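The values are calculated or read from the model by the stated rules, or taken from the named source; none is laboratory data. A quick note: this is a predicted structure, and the numbers were derived from the prediction, not measured. Glycine also receives a Cβ, built like all others from the backbone with ideal geometry; neighbour counts cover every protein chain displayed. The protein model used for the area step is the full one, side chains on, heavy atoms only, and it has no ligands, DNA or RNA in it. Shrake-Rupley method; radii C 1.70, N 1.55, O 1.52, S 1.80 Å.
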Amino acid sequence: MTPPPAATATAPATTATPLEAAAVARTLLEAGFGPFYGVPCSFLGPLISVLQERHPGVYQAAGNEGEAVALAAGAKLAGRQPVVILQNSGLGNAVNPLTSLCHTLRTPVLMLVTWRGRPGQPDEPQHRLMGRITPDLLASMEVRSELFPQDLAELPAALERAAEHMRETGLPFAFIVPKGSMAPYTPAPAASSDEVSAFAGLALRSEAIAAVVEASDPDTLLIATTGKTARELERDWDRGGNLYVVGSMGCASSIGLGVALNAPERFVTVIDGDGAVLMRMEAMATIGRSAACGFTHVVLDNESYESTGGQPTQSAGVDFAAIAAACGYRSQVDVADLDELAEAVRRSQAVPGPHFLRVRIRPGSDPALGRPALAPSQVAARFGRAVRA
(Lines give C-alpha, C1' and ligand atoms only; values in the text may rest on other atoms or scores of the structure.)
Protein backbone atom coordinates (compact mmCIF):
# COMPACT_ATOMS: atom_id res chain seq x y z
CA MET A 1 0.00 0.00 0.00
CA THR A 2 1.07 3.62 -0.49
CA PRO A 3 2.29 5.12 2.80
CA PRO A 4 -0.10 7.77 4.13
CA PRO A 5 1.08 11.36 4.44
CA ALA A 6 2.88 11.91 7.72
CA ALA A 7 1.69 14.42 10.32
CA THR A 8 3.79 17.57 10.17
CA ALA A 9 5.24 18.93 13.39
CA THR A 10 4.31 22.56 12.94
CA ALA A 11 0.88 24.06 12.39
CA PRO A 12 -0.02 25.38 8.93
CA ALA A 13 -0.60 29.08 8.44
CA THR A 14 -4.27 28.54 7.60
CA THR A 15 -6.83 25.89 8.38
CA ALA A 16 -9.74 24.54 6.38
CA THR A 17 -13.37 24.96 7.31
CA PRO A 18 -14.09 22.77 10.36
CA LEU A 19 -15.96 19.56 9.62
CA GLU A 20 -19.47 18.97 10.92
CA ALA A 21 -19.32 16.29 13.60
CA ALA A 22 -22.55 14.67 12.40
CA ALA A 23 -21.08 14.15 8.94
CA VAL A 24 -17.87 12.73 10.36
CA ALA A 25 -19.82 10.30 12.56
CA ARG A 26 -21.97 9.22 9.63
CA THR A 27 -18.90 8.62 7.44
CA LEU A 28 -17.18 6.54 10.11
CA LEU A 29 -20.26 4.41 10.68
CA GLU A 30 -20.93 3.93 6.96
CA ALA A 31 -17.33 2.73 6.58
CA GLY A 32 -18.04 0.01 9.15
CA PHE A 33 -16.26 1.54 12.11
CA GLY A 34 -17.60 1.24 15.63
CA PRO A 35 -18.13 0.94 18.51
CA PHE A 36 -16.30 3.95 19.93
CA TYR A 37 -14.46 4.08 23.27
CA GLY A 38 -12.72 7.02 24.82
CA VAL A 39 -12.02 9.86 27.19
CA PRO A 40 -13.18 13.30 26.02
CA CYS A 41 -11.03 16.09 24.63
CA SER A 42 -12.55 19.42 23.66
CA PHE A 43 -11.15 19.02 20.12
CA LEU A 44 -13.37 15.94 19.62
CA GLY A 45 -16.13 16.87 22.05
CA PRO A 46 -18.54 17.61 19.17
CA LEU A 47 -18.04 14.12 17.73
CA ILE A 48 -18.64 12.46 21.08
CA SER A 49 -21.77 14.52 21.65
CA VAL A 50 -23.15 13.56 18.24
CA LEU A 51 -22.45 9.88 18.83
CA GLN A 52 -24.13 9.95 22.23
CA GLU A 53 -27.15 11.94 21.06
CA ARG A 54 -27.82 10.56 17.58
CA HIS A 55 -26.37 7.05 17.80
CA PRO A 56 -27.20 5.78 21.31
CA GLY A 57 -25.06 2.93 22.55
CA VAL A 58 -22.30 3.29 19.98
CA TYR A 59 -20.00 5.32 22.27
CA GLN A 60 -18.78 4.03 25.63
CA ALA A 61 -16.97 6.39 28.00
CA ALA A 62 -13.88 4.87 29.60
CA GLY A 63 -12.23 5.81 32.87
CA ASN A 64 -8.86 6.31 31.19
CA GLU A 65 -7.26 5.91 27.81
CA GLY A 66 -5.61 2.59 28.59
CA GLU A 67 -8.99 1.16 29.48
CA ALA A 68 -10.40 2.52 26.21
CA VAL A 69 -7.70 0.72 24.20
CA ALA A 70 -8.36 -2.54 26.06
CA LEU A 71 -12.11 -2.21 25.49
CA ALA A 72 -11.44 -1.65 21.81
CA ALA A 73 -9.16 -4.69 21.67
CA GLY A 74 -11.97 -6.78 23.09
CA ALA A 75 -14.37 -5.41 20.51
CA LYS A 76 -11.87 -6.25 17.75
CA LEU A 77 -11.64 -9.82 19.02
CA ALA A 78 -15.43 -9.94 18.81
CA GLY A 79 -15.30 -9.03 15.13
CA ARG A 80 -15.89 -5.27 15.24
CA GLN A 81 -13.87 -2.33 13.88
CA PRO A 82 -13.51 -0.23 17.05
CA VAL A 83 -12.38 3.36 17.36
CA VAL A 84 -10.56 4.88 20.35
CA ILE A 85 -11.03 8.62 20.97
CA LEU A 86 -8.41 10.29 23.15
CA GLN A 87 -6.43 13.43 23.82
CA ASN A 88 -2.74 13.09 23.02
CA SER A 89 -1.91 13.68 26.69
CA GLY A 90 -3.69 10.37 27.32
CA LEU A 91 -1.20 8.49 25.16
CA GLY A 92 0.81 8.07 28.35
CA ASN A 93 -2.02 5.97 29.78
CA ALA A 94 -2.36 4.05 26.52
CA VAL A 95 1.29 3.09 25.96
CA ASN A 96 1.11 -0.22 27.82
CA PRO A 97 -1.97 -1.70 26.13
CA LEU A 98 -0.88 -0.39 22.73
CA THR A 99 2.58 -1.95 22.98
CA SER A 100 1.95 -5.11 25.01
CA LEU A 101 -1.66 -5.91 24.08
CA CYS A 102 -2.50 -4.65 20.60
CA HIS A 103 1.01 -5.17 19.24
CA THR A 104 1.49 -8.60 20.80
CA LEU A 105 -1.96 -10.00 20.02
CA ARG A 106 -2.13 -8.24 16.65
CA THR A 107 -5.47 -6.66 17.53
CA PRO A 108 -5.51 -3.40 15.54
CA VAL A 109 -7.70 -0.50 16.62
CA LEU A 110 -8.31 2.83 14.93
CA MET A 111 -7.42 5.86 17.06
CA LEU A 112 -8.49 9.49 16.82
CA VAL A 113 -5.78 11.31 18.78
CA THR A 114 -6.17 15.04 19.31
CA TRP A 115 -3.11 17.25 18.94
CA ARG A 116 -2.99 19.52 21.97
CA GLY A 117 0.24 21.51 22.19
CA ARG A 118 1.01 21.27 18.49
CA PRO A 119 4.16 23.30 17.78
CA GLY A 120 3.24 26.67 16.36
CA GLN A 121 -0.11 26.84 18.14
CA PRO A 122 -0.59 28.37 21.61
CA ASP A 123 -1.78 25.95 24.28
CA GLU A 124 -1.52 25.26 27.99
CA PRO A 125 1.89 24.42 29.53
CA GLN A 126 0.98 20.81 30.30
CA HIS A 127 0.48 20.09 26.59
CA ARG A 128 3.74 21.48 25.22
CA LEU A 129 6.00 18.45 25.62
CA MET A 130 3.42 15.91 24.48
CA GLY A 131 2.50 18.19 21.59
CA ARG A 132 6.10 18.16 20.36
CA ILE A 133 6.50 14.40 20.58
CA THR A 134 3.06 13.09 19.57
CA PRO A 135 3.93 11.95 16.00
CA ASP A 136 7.27 10.49 17.11
CA LEU A 137 5.70 8.74 20.11
CA LEU A 138 3.16 7.04 17.86
CA ALA A 139 5.90 6.06 15.43
CA SER A 140 8.05 4.63 18.23
CA MET A 141 5.12 2.35 19.16
CA GLU A 142 4.87 1.30 15.48
CA VAL A 143 1.51 3.03 15.18
CA ARG A 144 1.25 4.58 11.74
CA SER A 145 -0.37 8.00 11.76
CA GLU A 146 -1.53 10.78 9.51
CA LEU A 147 -3.40 14.02 9.95
CA PHE A 148 -7.17 13.76 10.06
CA PRO A 149 -8.55 14.95 6.71
CA GLN A 150 -9.57 18.60 6.54
CA ASP A 151 -11.99 17.88 3.69
CA LEU A 152 -14.92 15.54 4.34
CA ALA A 153 -14.67 14.25 0.77
CA GLU A 154 -11.20 12.89 1.61
CA LEU A 155 -12.33 11.01 4.71
CA PRO A 156 -13.64 7.78 3.07
CA ALA A 157 -10.33 7.22 1.25
CA ALA A 158 -8.37 7.97 4.42
CA LEU A 159 -10.46 5.46 6.37
CA GLU A 160 -9.84 2.85 3.69
CA ARG A 161 -6.08 3.48 3.94
CA ALA A 162 -6.30 2.97 7.68
CA ALA A 163 -8.37 -0.18 7.32
CA GLU A 164 -5.97 -1.60 4.74
CA HIS A 165 -2.98 -0.90 6.96
CA MET A 166 -4.63 -2.60 9.92
CA ARG A 167 -5.61 -5.64 7.80
CA GLU A 168 -2.09 -6.00 6.39
CA THR A 169 -0.11 -5.44 9.58
CA GLY A 170 -2.43 -6.26 12.47
CA LEU A 171 -1.29 -3.01 14.09
CA PRO A 172 -3.20 0.10 15.20
CA PHE A 173 -3.56 3.20 13.06
CA ALA A 174 -3.98 6.75 14.32
CA PHE A 175 -5.46 9.91 12.86
CA ILE A 176 -4.00 12.96 14.57
CA VAL A 177 -6.74 15.56 14.96
CA PRO A 178 -5.56 19.20 15.09
CA LYS A 179 -7.39 22.02 16.82
CA GLY A 180 -10.36 23.32 14.87
CA SER A 181 -10.95 20.12 12.91
CA MET A 182 -14.53 19.83 14.20
CA ALA A 183 -17.13 22.56 14.16
CA PRO A 184 -18.81 23.31 17.49
CA TYR A 185 -21.91 21.29 18.27
CA THR A 186 -24.63 22.14 20.76
CA PRO A 187 -26.40 19.05 22.15
CA ALA A 188 -30.17 19.06 22.24
CA PRO A 189 -31.81 20.27 25.48
CA ALA A 190 -32.51 17.71 28.21
CA ALA A 191 -35.25 15.38 27.03
CA SER A 192 -37.02 15.06 30.35
CA SER A 193 -37.62 16.99 33.53
CA ASP A 194 -35.81 14.23 35.43
CA GLU A 195 -32.53 15.14 33.70
CA VAL A 196 -32.95 18.75 34.81
CA SER A 197 -34.27 18.05 38.32
CA ALA A 198 -31.31 15.77 39.08
CA PHE A 199 -29.24 18.92 39.68
CA ALA A 200 -31.97 21.14 41.10
CA GLY A 201 -30.92 22.86 44.31
CA LEU A 202 -27.29 21.75 44.07
CA ALA A 203 -24.41 24.19 44.48
CA LEU A 204 -21.96 25.21 41.79
CA ARG A 205 -18.39 23.96 41.99
CA SER A 206 -17.11 27.41 42.98
CA GLU A 207 -19.58 27.50 45.88
CA ALA A 208 -18.51 24.06 47.06
CA ILE A 209 -14.85 25.07 46.87
CA ALA A 210 -15.63 28.14 48.99
CA ALA A 211 -17.35 25.96 51.59
CA VAL A 212 -14.33 23.64 51.78
CA VAL A 213 -11.84 26.50 52.13
CA GLU A 214 -13.85 28.40 54.73
CA ALA A 215 -14.44 25.31 56.88
CA SER A 216 -10.81 24.17 56.80
CA ASP A 217 -8.02 25.03 59.18
CA PRO A 218 -6.32 28.16 57.75
CA ASP A 219 -3.01 26.30 57.36
CA THR A 220 -4.53 23.42 55.40
CA LEU A 221 -2.60 22.50 52.27
CA LEU A 222 -5.05 22.44 49.35
CA ILE A 223 -4.43 20.47 46.16
CA ALA A 224 -6.91 20.97 43.32
CA THR A 225 -7.37 18.64 40.38
CA THR A 226 -6.71 19.80 36.82
CA GLY A 227 -9.27 21.85 34.94
CA LYS A 228 -11.84 24.27 36.26
CA THR A 229 -11.45 23.12 39.87
CA ALA A 230 -7.87 24.37 40.00
CA ARG A 231 -8.75 27.51 38.07
CA GLU A 232 -11.62 28.45 40.39
CA LEU A 233 -9.56 27.79 43.52
CA GLU A 234 -6.82 30.06 42.15
CA ARG A 235 -9.22 32.80 41.13
CA ASP A 236 -11.08 32.95 44.44
CA TRP A 237 -8.66 31.65 47.08
CA ASP A 238 -5.09 31.94 45.84
CA ARG A 239 -2.38 31.49 48.49
CA GLY A 240 0.96 29.79 48.93
CA GLY A 241 -0.51 26.62 50.43
CA ASN A 242 -2.45 25.84 47.24
CA LEU A 243 -1.25 23.53 44.48
CA TYR A 244 -3.05 23.76 41.14
CA VAL A 245 -2.53 20.51 39.28
CA VAL A 246 -2.32 20.98 35.52
CA GLY A 247 -2.59 17.92 33.29
CA SER A 248 -1.87 14.53 34.88
CA MET A 249 -5.62 13.98 35.26
CA GLY A 250 -6.48 11.71 38.17
CA CYS A 251 -3.16 12.21 39.96
CA ALA A 252 -4.15 14.96 42.43
CA SER A 253 -5.13 12.50 45.16
CA SER A 254 -1.83 10.63 44.86
CA ILE A 255 0.12 13.90 44.95
CA GLY A 256 -1.81 14.84 48.07
CA LEU A 257 -1.15 11.50 49.71
CA GLY A 258 2.57 11.86 49.00
CA VAL A 259 2.53 15.25 50.70
CA ALA A 260 0.47 14.01 53.66
CA LEU A 261 2.69 11.00 54.34
CA ASN A 262 5.81 13.16 54.32
CA ALA A 263 4.38 16.13 56.20
CA PRO A 264 2.31 14.23 58.79
CA GLU A 265 1.87 17.28 61.01
CA ARG A 266 -0.11 19.10 58.29
CA PHE A 267 -3.73 18.95 57.17
CA VAL A 268 -3.86 18.07 53.46
CA THR A 269 -7.09 18.32 51.49
CA VAL A 270 -7.44 17.26 47.87
CA ILE A 271 -10.29 18.83 45.90
CA ASP A 272 -10.96 16.29 43.18
CA GLY A 273 -13.52 15.69 40.42
CA ASP A 274 -15.63 12.71 39.42
CA GLY A 275 -13.93 12.23 36.04
CA ALA A 276 -10.49 12.46 37.61
CA VAL A 277 -11.31 9.91 40.32
CA LEU A 278 -12.69 7.50 37.73
CA MET A 279 -9.50 7.84 35.70
CA ARG A 280 -7.24 6.72 38.56
CA MET A 281 -9.51 4.95 41.00
CA GLU A 282 -6.71 2.66 42.17
CA ALA A 283 -5.44 5.63 44.17
CA MET A 284 -8.35 5.20 46.56
CA ALA A 285 -7.08 1.77 47.57
CA THR A 286 -3.66 3.19 48.35
CA ILE A 287 -5.11 6.13 50.28
CA GLY A 288 -7.45 3.91 52.29
CA ARG A 289 -4.62 1.68 53.42
CA SER A 290 -2.35 4.58 54.31
CA ALA A 291 -1.64 6.18 57.65
CA ALA A 292 -2.32 9.69 56.37
CA CYS A 293 -4.12 11.00 59.45
CA GLY A 294 -4.49 14.58 58.22
CA PHE A 295 -5.68 13.67 54.72
CA THR A 296 -9.14 14.56 53.38
CA HIS A 297 -10.28 13.62 49.88
CA VAL A 298 -13.11 15.81 48.57
CA VAL A 299 -14.73 14.77 45.28
CA LEU A 300 -16.90 17.39 43.55
CA ASP A 301 -19.28 15.37 41.38
CA ASN A 302 -21.26 17.06 38.60
CA GLU A 303 -21.48 13.86 36.52
CA SER A 304 -19.66 15.45 33.61
CA TYR A 305 -16.37 16.24 31.95
CA GLU A 306 -17.21 19.93 32.04
CA SER A 307 -13.85 21.22 30.83
CA THR A 308 -14.16 19.30 27.54
CA GLY A 309 -17.76 20.14 26.72
CA GLY A 310 -19.92 18.53 29.40
CA GLN A 311 -19.87 14.92 28.19
CA PRO A 312 -21.27 12.65 30.94
CA THR A 313 -18.99 10.61 33.18
CA GLN A 314 -19.99 7.28 34.69
CA SER A 315 -20.29 8.72 38.18
CA ALA A 316 -24.09 8.72 38.38
CA GLY A 317 -24.04 4.97 38.87
CA VAL A 318 -21.06 4.84 41.24
CA ASP A 319 -21.32 4.76 45.03
CA PHE A 320 -18.03 6.47 45.78
CA ALA A 321 -18.62 6.47 49.53
CA ALA A 322 -19.08 2.69 49.55
CA ILE A 323 -15.89 2.29 47.54
CA ALA A 324 -14.04 4.54 49.97
CA ALA A 325 -15.31 2.44 52.86
CA ALA A 326 -14.17 -0.75 51.17
CA CYS A 327 -10.77 0.80 50.51
CA GLY A 328 -10.32 1.66 54.20
CA TYR A 329 -10.94 5.41 54.50
CA ARG A 330 -11.70 6.16 58.16
CA SER A 331 -14.89 8.04 57.27
CA GLN A 332 -17.02 8.42 54.16
CA VAL A 333 -19.84 10.88 53.56
CA ASP A 334 -22.03 11.79 50.62
CA VAL A 335 -23.44 15.33 50.79
CA ALA A 336 -25.46 17.62 48.54
CA ASP A 337 -25.77 20.67 50.80
CA LEU A 338 -23.16 23.33 51.55
CA ASP A 339 -23.86 23.36 55.29
CA GLU A 340 -23.46 19.58 55.38
CA LEU A 341 -20.25 19.92 53.42
CA ALA A 342 -18.81 22.49 55.79
CA GLU A 343 -19.67 20.35 58.81
CA ALA A 344 -18.13 17.28 57.18
CA VAL A 345 -14.90 19.20 56.50
CA ARG A 346 -14.71 20.35 60.12
CA ARG A 347 -15.29 16.80 61.39
CA SER A 348 -12.62 15.44 59.07
CA GLN A 349 -10.02 17.69 60.68
CA ALA A 350 -11.13 16.81 64.20
CA VAL A 351 -10.29 13.09 64.04
CA PRO A 352 -7.55 11.08 62.28
CA GLY A 353 -8.12 10.16 58.64
CA PRO A 354 -7.95 9.56 55.81
CA HIS A 355 -11.47 10.86 55.13
CA PHE A 356 -13.64 10.85 52.01
CA LEU A 357 -16.29 13.43 51.05
CA ARG A 358 -18.37 13.17 47.91
CA VAL A 359 -20.15 16.44 47.10
CA ARG A 360 -22.93 16.43 44.55
CA ILE A 361 -22.87 19.67 42.57
CA ARG A 362 -24.47 21.00 39.41
CA PRO A 363 -22.57 21.75 36.19
CA GLY A 364 -21.74 25.33 35.39
CA SER A 365 -18.98 27.91 35.64
CA ASP A 366 -18.09 31.47 34.72
CA PRO A 367 -17.57 31.64 30.92
CA ALA A 368 -14.81 34.19 31.54
CA LEU A 369 -12.92 31.92 33.95
CA GLY A 370 -9.23 32.55 33.39
CA ARG A 371 -6.05 30.55 33.81
CA PRO A 372 -3.69 30.68 36.82
CA ALA A 373 -1.48 33.75 36.68
CA LEU A 374 1.66 31.97 37.91
CA ALA A 375 3.49 29.39 35.80
CA PRO A 376 2.96 25.80 37.06
CA SER A 377 6.61 25.52 38.13
CA GLN A 378 6.26 28.71 40.17
CA VAL A 379 3.10 27.41 41.83
CA ALA A 380 4.87 24.16 42.70
CA ALA A 381 7.90 25.96 44.16
CA ARG A 382 5.67 28.25 46.21
CA PHE A 383 3.65 25.27 47.47
CA GLY A 384 6.82 23.39 48.41
CA ARG A 385 7.95 26.32 50.54
CA ALA A 386 4.53 26.38 52.26
CA VAL A 387 4.73 22.66 53.02
CA ARG A 388 8.16 23.04 54.62
CA ALA A 389 7.35 26.25 56.49
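Quick look at the numbers
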| quantity | calculated |
| --- | --- |
| Lone unmet requirement of (1) assigned to a loop (DSSP other than H, G, I, E, B); (2) within 18 Å of GLY250 (Cβ to Cβ) for PRO122 | (2) |
| Residue check for ASP339: part of a strand (DSSP E or B) and over 21 Å from the mean Cα position of the chain (by Cα) | no |
| Residues located in segment 26-42, provided they are crowded, with 24+ Cβ neighbours inside 10 Å and closer than 30 Å to GLY120 by Cβ | PHE36, GLY38, VAL39, PRO40, CYS41 |
| Per-region count, segment 76-107, residues farther than 18 Å from ARG132 by Cα, open to solvent by less than 10 Å² (accessible area, probe 1.4 Å) and not in a helix (DSSP H, G or I) | 5 |
| Cβ-Cβ under 6 Å pairs, at least 6 apart or on other chains, segment 338-364 side open to solvent by 20 Å² or more (accessible area, probe 1.4 Å), far side part of a helix (DSSP H, G or I) | LEU338/ALA211; ARG346/ALA215; PRO363/GLU306 |
| Restricting segment 34-46 to residues that are hydrophobic (A, V, I, L, M, F, W, C) and in contact with a Ser or Thr (Cβ under 9 Å, 6 or more places away or on another chain), the residue that is nearest to VAL109 (Cα to Cα) | VAL39 |
| Selection from segment 180-221 of residues that are open to solvent by 50 Å² or more (accessible area, probe 1.4 Å) and modelled with pLDDT of 95 or more | GLU207, GLU214, ASP217, PRO218, ASP219 |
| Residues being farther than 25 Å from PRO40 by Cβ and free of Cβ contacts under 8 Å to residues at least 24 places away in the same chain - total across segment 295-324 | 1 |
| So ALA162, is it assigned to a helix (DSSP H, G or I) and either open to solvent by 20 Å² or more (accessible area, probe 1.4 Å) or among the aromatic types (Phe, Trp, Tyr) (or both) | no |
| All positions within segment 205-254 that are among the small types (Gly, Ala, Ser) and closer than 27 Å to MET130 by Cα | ALA224, GLY227, ALA230, GLY247, SER248, GLY250, ALA252, SER253, SER254 |
| Matching residues in segment 45-59 - criterion: being in a loop (DSSP other than H, G, I, E, B) and farther than 13 Å from VAL84 by Cα | HIS55, PRO56, GLY57 |
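Let's see how each residue does on (1) within 19 Å of GLU65 (Cβ to Cβ); (2) touching a residue at least 24 places away in the same chain (Cβ under 8 Å); (3) surrounded by 14 or more Cβ atoms within 10 Å (Cβ to Cβ):
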{"site": "VAL109", "(1), (2), (3)": "yes, yes, yes"}
{"site": "ILE133", "(1), (2), (3)": "yes, no, yes"}
{"site": "GLU142", "(1), (2), (3)": "yes, yes, no"}
{"site": "ASP151", "(1), (2), (3)": "no, yes, no"}
{"site": "PHE175", "(1), (2), (3)": "yes, yes, yes"}
